[in-house]
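First the structure, in the form of structure tokens, and then the observations on it.
The values are calculated or read from the model by the stated rules, or taken from the named source; none is laboratory data. Since the structure is predicted, the reported quantities are computational estimates derived from the model, not experimental observations. When we count neighbours, we look across all protein chains shown, and the Cβ atoms used for this are built from the backbone with ideal geometry, even at glycine.
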Amino acid sequence: MAAIEARGLSLTYATGDGPVHALSDVDLTVGEGEFVSLIGPSGCGKTTLLRVIADLERPTAGSIRVNGVTAEEARLQRAYGYVFQAPALLPWRRIEANVALPLEVMGLKREERRARARRQLDLVNLTGFERKFPWQLSGGMQQRASIARALALEPALLLMDEPFGALDEIVRDHLNEELLRLWARTGKTVVFVTHSIPEAVFLSTRIVVMSPRPGRITDIVPCDLGPDRPLEIRETPEFLRIAHRVREGLRAGHAYVG
């Protein structure tokens, strides 16, 4: 069973200045256990597509299935975790309490909430920081706590909206490595939004290249780099070949719109 199936997906916003076509005729299948990145220029509909998968936006045409059910049913079943661009941690709650927040909303007992939160904090290498407040952590550590919060529901699907975009390159490289290890350990399906070609190639099993608005898929690029990906792989001919194809796909998308 596919983790995500989108067919003929379109979304148009009605505005005072006329309709805004955010997505147009998107067809996409994401298999279970894949790491798929969405890349394209600002405003191309990457985040909109992610929000449609999460049932935070409703398409105006086409269909979307998530884990074999409608996006609404998947949301009600808490079938996915969502990581936003900013960590969005509550400053008055300690890190463990922030991670356990969705479990508290679900009504789980305190002991179960604590056990799950600590398990996920260990998964993102934040053991020992349970009692810290968000302001006592670096930006990268806050984002790892945000990932732990998304994982606390133990979903099969992880949706990530450019989670490392605001971080410096050194921290971003480190978190990319950690995310790859996390994906390998958990076997989750990941859909990841990024503006960075190297980040997309380094992380993904496939890269979905999108055109400027209205968002269309112009290319789907396989990343056959294997599971063992040290940062040095970015200097190899195969990595550069894939990055070149992604870059050409982005250029072709601009040409298509023109």
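Consider E96 against the criteria (1) acidic (D, E); (2) surrounded by 15 or more Cβ atoms within 10 Å (Cβ to Cβ); (3) not in a helix (DSSP H, G or I): it satisfies all of them except one. Which criterion is unmet?
Result: E96 fails condition (3) only.
In the range 101-135, what residues are among the acidic types (D, E) and under 28 Å from E177 (Cβ atoms)? Spell out how you get there, then give the answer.
First, the residues of the range 101-135 that are among the acidic types (D, E): 104, 111-112, 122, 130.
If the condition is that a residue be among the acidic types (D, E) and under 28 Å from E177 (Cβ atoms), then D122, E130 are the ones that fit.
Can you go through I53, I64 and tell me which one is closer than 17 Å to A2 by Cβ, under 16 Å from the mean Cα position of the chain (by Cα) and at pLDDT 95 or above?
Selected residue: I53, the only one of I53, I64 that is closer than 17 Å to A2 by Cβ, under 16 Å from the mean Cα position of the chain (by Cα) and at pLDDT 95 or above.
Would you mind telling me which numbered condition in (1) over 26 Å from R51 (Cα atoms); (2) in contact with a Lys or Arg (Cβ under 6 Å, 6 or more places away or on another chain) I242 fails?
(2)
Can you pull out every residue in the range 208-233 that is crowded, with 16+ Cβ neighbours inside 10 Å and closer than 27 Å to E178 by Cβ?
Once the filter is applied, which keeps residues that are crowded, with 16+ Cβ neighbours inside 10 Å and closer than 27 Å to E178 by Cβ, the range 208-233 yields V208, V209, M210, V221, C223, L225, R229.
Any residue that is closer than 17 Å to P163 by Cα and in the same structural domain as L182 (by TED's automatic domain parsing) - is there at least one of those in the range 54-62?
Yes, the range 54-62 contains a residue that is closer than 17 Å to P163 by Cα and in the same structural domain as L182 (by TED's automatic domain parsing).
Which residue out of S37, S63 is assigned to a strand (DSSP E or B) and crowded, with 16+ Cβ neighbours inside 10 Å?
Going through S37, S63 in turn, just one is assigned to a strand (DSSP E or B) and crowded, with 16+ Cβ neighbours inside 10 Å: S37.
Does A150 satisfy the condition of being hydrophobic (A, V, I, L, M, F, W, C), surrounded by 18 or more Cβ atoms within 10 Å (Cβ to Cβ), under 17 Å from T186 (Cα atoms) and without any contact (Cβ under 8 Å) to a residue 40 or more places away in the chain?
Spelling it out, it is not the case that A150 is hydrophobic (A, V, I, L, M, F, W, C), surrounded by 18 or more Cβ atoms within 10 Å (Cβ to Cβ), under 17 Å from T186 (Cα atoms) and without any contact (Cβ under 8 Å) to a residue 40 or more places away in the chain.
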